[in-house]
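Accompanying notes for the structure given below.
The values are calculated or read from the model by the stated rules, or taken from the named source; none is laboratory data. Bear in mind the structure is a predicted one, so any value in this text is a computation, not a measurement. Cβ: placed from backbone, ideal geometry, glycine included. Neighbour counts: every protein chain shown.
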Amino acid sequence: MNNKEKSPFTPGSPVPYELFVGRQKQIREIFRYVDQTSMGKQDNLFLMGDRGIGKSSMASFIRHFVATQKNFLGIHVFLGKVSTLEEMVRLIFEQLLKEVHGQTWFGNISELFGKYIKQIGLFGISIGFTPPKQDLEELVKRFPEALSNLLKKMKEQRKGLFIALDDINGLVEKVEFANWYKSFVDEVATHYNEFPVYMMLIGLPEKREMLSHLQPSLMRIFRIVEIDKLSNEEVGQFISQAFESVKMKISQEAMDLMVKFSSGLPVLMHEIGDAVFWIDSDGTVDREDALQGVLSAAKHVGEKYLDPQIYRVIQRSQRYNSILKKIGAPLSRNFVKKDIETRLNENERRVFHNFLRRFKKLGILETDIEHGSGAYRFVNEIYPIYIWMQSQEPKPS
């Protein structure tokens, strides 16, 4: 297995729709409402879950399904760096143009965009939408009318429009977005008998709460779908399918290790799977390959997700740094507060309560209810491995 070209795992990116597993209950619920939308009823959904839980992968799968099985025009727009309504609306229409570019009916749609369609990329293989600021401002105000005109143009080709607005965490902090969305829904409800548009907003649970605070009326508008960790069976199914897709085999011992350390989190199963894929040398993943992959993934995950959070907390506190290393050695996901306290010096014990509170707030530790009062654990199996690895590094002389 020396001529590997492409890993089936995608750390940091949505999983390819053909490898998507799980979430069947939530998906069936969403598809029920998509069917209603195809008959003219506009609908709104807030898909929420913690970081790394697979929201974008699920949205990508749904977009593909409604496009291929429900005959919708579906787009998935990422808004992570967007902070204005004008840029959001521009990206929505640009993505719509890209989706129909190359279709026989593209000319019919492109008439709506006037002279602001721009051929971009090598040999003009892609499309940009670049209207001036004042036209974008008008599009924001007349967004329902613009979508209605688009729906009329594509009525013979598609039953409806699916728009997934992903990573909206920055936008929902702005009252302008909350008020705009409320106005959009109200105008559709009062001015259009048929408006087959399914809007899906994707973000963190706390961002939904913020949106609710900024515009309380929005909460009656959205259907809420929350996704949690995958089951061990679903993680195993994904890992098995991923390796099968590149004609690799995996032993049961290796599978059990990868499932355990994935902790039901798609972000971890991709990191671990990718590391194992590149470590294996004979096309059959065994226990040793899996162990080495877990250690390699722990280093990558720690550097990408833990270091940026921990550094902000411990850079000003040598006591926090020392406490973290003592929790990390010996290697364990679980610990009891009083047991750690016996290993702390007096100065460290003074700040231990604040340490636990801060690291819970950061999403690194959580209360371990199953093990009783004073018990804590890391939120997944990978974090303690990285912290243990850091604790074993020799101190600078």
Every residue from region 213-239 that is outside any loop (DSSP other than H, G, I, E, B) and among the charged types (D, E, K, R): Arg220, Arg223, Glu226, Glu233, Glu234
Any hit, region 33-40, residues being crowded, with 16+ Cβ neighbours inside 10 Å and within 29 Å of Glu244 (Cβ to Cβ): no
Residue that is nearest to Lys4 (Cα to Cα) [pool: residues in region 235-247 that are surrounded by fewer than 20 Cβ atoms within 10 Å (Cβ to Cβ) and in contact (Cβ under 8 Å) with a residue 40 or more places away in the chain]: Val246
For Asn354: the one exception among (1) farther than 30 Å from Gly273 by Cα; (2) within 32 Å of the chain's Cα centre (by Cα); (3) of a type outside the set (Asp, Glu); (4) modelled with pLDDT under 90: (4)
Whichever residue in region 189-212 is part of a helix (DSSP H, G or I) and more than 23 Å from the chain's Cα centre (by Cα) and, among such residues, is nearest to Leu165 (Cα to Cα): Ala189
Every residue from region 57-74 that is crowded, with 21+ Cβ neighbours inside 10 Å and not charged (D, E, K, R): Ser57, Met58, Ala59, Ser60, Phe61, Ile62, Val66, Phe72, Leu73, Gly74
Subset of region 161-183 [aromatic (Phe, Trp, Tyr), under 19 Å from Arg220 (Cα atoms) and touching a helix residue (DSSP H, G or I) at 6+ places or on another chain (Cβ under 6 Å)]: Phe177, Trp180
Region 118-157 - residue that is aliphatic (A, V, I, L, M) and modelled with pLDDT under 85 and, of those, nearest to the chain's Cα centre (by Cα): Ile127
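Residues checked against (1) among the small types (Gly, Ala, Ser); (2) touching a helix residue (DSSP H, G or I) at 6+ places or on another chain (Cβ under 6 Å); (3) at pLDDT 90 or above; (4) assigned by TED's automatic domain parsing to the domain that holds Met389:
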{"position": "Asn321", "(1), (2), (3), (4)": "no, yes, no, yes"}
{"position": "Lys325", "(1), (2), (3), (4)": "no, yes, no, yes"}
{"position": "Pro330", "(1), (2), (3), (4)": "no, no, no, yes"}
{"position": "Lys337", "(1), (2), (3), (4)": "no, no, yes, yes"}
{"position": "Asn347", "(1), (2), (3), (4)": "no, yes, yes, yes"}
Flag for Glu176 being over 25 Å from Leu97 (Cα atoms), of a type in the set (Asp, Glu) and outside the structural domain of Ser83 (by TED's automatic domain parsing): no
Odd one out for Phe261, checked against (1) within 23 Å of the chain's Cα centre (by Cα); (2) in the same structural domain as Lys360 (by TED's automatic domain parsing): (2)
Segments classed as helices (runs of 4 or more DSSP H), wholly inside region 250-344, with at least 1 members that are in contact (Cβ under 8 Å) with a residue 40 or more places away in the chain and closer than 30 Å to Arg358 by Cα: 252-262, 266-279, 287-301, 307-314, 318-328
So Phe143, is it touching a Pro at 6+ places or on another chain (Cβ under 9 Å) and either surrounded by fewer than 21 Cβ atoms within 10 Å (Cβ to Cβ) or over 21 Å from Ala67 (Cβ atoms) (or both): no
Qualifying position, being of a type outside the set (Lys, Arg) and either in contact with a strand residue (DSSP E or B) (Cβ under 6 Å, 6 or more places away or on another chain) or modelled with pLDDT under 85 (or both), among Gly102, Gly80: Gly102
Ile382, sole failed condition from (1) hydrophobic (A, V, I, L, M, F, W, C); (2) within 25 Å of Tyr305 (Cβ to Cβ); (3) surrounded by fewer than 19 Cβ atoms within 10 Å (Cβ to Cβ): (3)
When residues of region 199-221 are limited to those that are in contact (Cβ under 8 Å) with a residue 24 or more places away in the chain and more than 22 Å from Val82 (Cα to Cα), the one surrounded by the fewest Cβ atoms within 10 Å (Cβ to Cβ): Ser217
